[in-house]
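K.L.:
Just passing along the structure, written as structure tokens.
Readers should treat all values here as calculations from the given coordinates under stated rules, not as data from a laboratory. Every value quoted in this text rests on a predicted model; they were computed, and no experiment measured them. No Cβ is skipped: glycine too gets one built from the backbone with ideal geometry, and neighbour counts run over all protein chains shown.
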Amino acid sequence: METAELATNKLIILLIADRIKNITLNQLTTLSLETLYLDYFDFVTAYEELCRDHMISESVRKDETKLDAVGRPVTRCDLTDKGRTVLKTLESRIPLPIRSYLAQACSGWQKDIRLKGTLTAKYQPDANGTYQVLLKQSDGIKDLVSLKLTIPEKTMAKQVCERWKRSPQTVYLGLLSVLTGETVLQPQQEDPGSSLDLEENVKHTDDPASDHDLKPDHRQQSLFKESE
């Protein structure tokens, strides 16, 4: 790989890690590949050098609750002071079309990751022939809502979960209104076409799983070496 291309790949990774705080290694890998400017080998090469040069640090948080596919706490990536300095100095060396793409994409990724990580709804049958529904919403640090309901039948349990994932704010404010006896101002309804599809966050534990293309030439001269 040419030096300029490797340096650009490093800057792309630094930029993503800077824009999306507490990003997991898996998310960083996925989002880097989704730019279409580097493949998996390019990512690994650039990422390992960033870690070696102490521009990115990876660690498992002591209070980490998110687990990977094999049940281990996920690894999260953070920019070091050196990494931030390099990015601040050399960000303009990323070709403009790539920077424009990343500015828009990171905003979307951030919203997507935040919602997927903080909003959950699931149901499962219990020993009494009814269904237990668990609805949660978190700010990423603590639970804001943790609601457990016993629902008499499956269809209703599924409807509750779908309603929660579709309009959590409306449900939450409605509960506050009922419990406090005071009228709570409801949020404006979003355009259904613009809302994120969080179908995968409704986990049906008794059912089988069912239910930019802008490619500039990034071989541009980089000043990575000059920043060291």
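K.L.:
Given a Förster radius of 25 Å and the C-beta distance between Glu91 and Val145 as r, what FRET efficiency does 1/(1 + (r/R0)^6) yield to the nearest 0.05?
P.N.:
0.05
K.L.:
On to the next question. Which FRET efficiency value, to the nearest 0.05, is calculated for Gln132 and Thr65 with the Förster distance at 22 angstrom and r the Cβ-Cβ distance?
P.N.:
Computed FRET efficiency for Gln132 and Thr65: 0.60.
K.L.:
For the residue pair Glu153 and Ser107, what label-to-label distance in nm results when each label sits 7 Å from Cα along the Cα-to-beta-carbon direction?
P.N.:
Those two pseudo-labels are separated by 4.6 nm.
K.L.:
What distance in nm separates the simple spin-label points at Gln169 and Thr3, each placed 7 Å from Cα in the Cβ direction?
P.N.:
5.1 nm
K.L.:
His54 to Glu162: extension gain in nm, 0.36 nm per residue of separation minus the Cα-Cα distance?
P.N.:
34.5 nm
K.L.:
List the residues whose amide H sits under 5 Å from the amide H of Ile23, counting only those 5 or more places along or on another chain, with H placed 1.01 Å from N in the peptide plane.
P.N.:
Here the answer is Cys77, since their amide H atoms fall under 5 Å of that of Ile23.
K.L.:
Name the residue farthest towards the positive end of the dipole of the stretch 46-104 from the options Val60, Gly71, Thr89, assuming +1 on Cβ of Lys and Arg, -1 on Cβ of Asp and Glu, about the Cα centre.
P.N.:
Thr89
K.L.:
Still on this structure, I have one more. Between Ser100 and Thr75, how high is the FRET efficiency from 1/(1 + (r/R0)^6) when r is the Cβ-Cβ distance and R₀ = 41 Å? Nearest 0.05.
P.N.:
Efficiency at R0 = 41 Å is approximately 0.90.
K.L.:
Could you let me know the centre-to-centre spacing of the stretch 34-52 and the stretch 1-21, using Cα atoms, in angstrom?
P.N.:
8 Å
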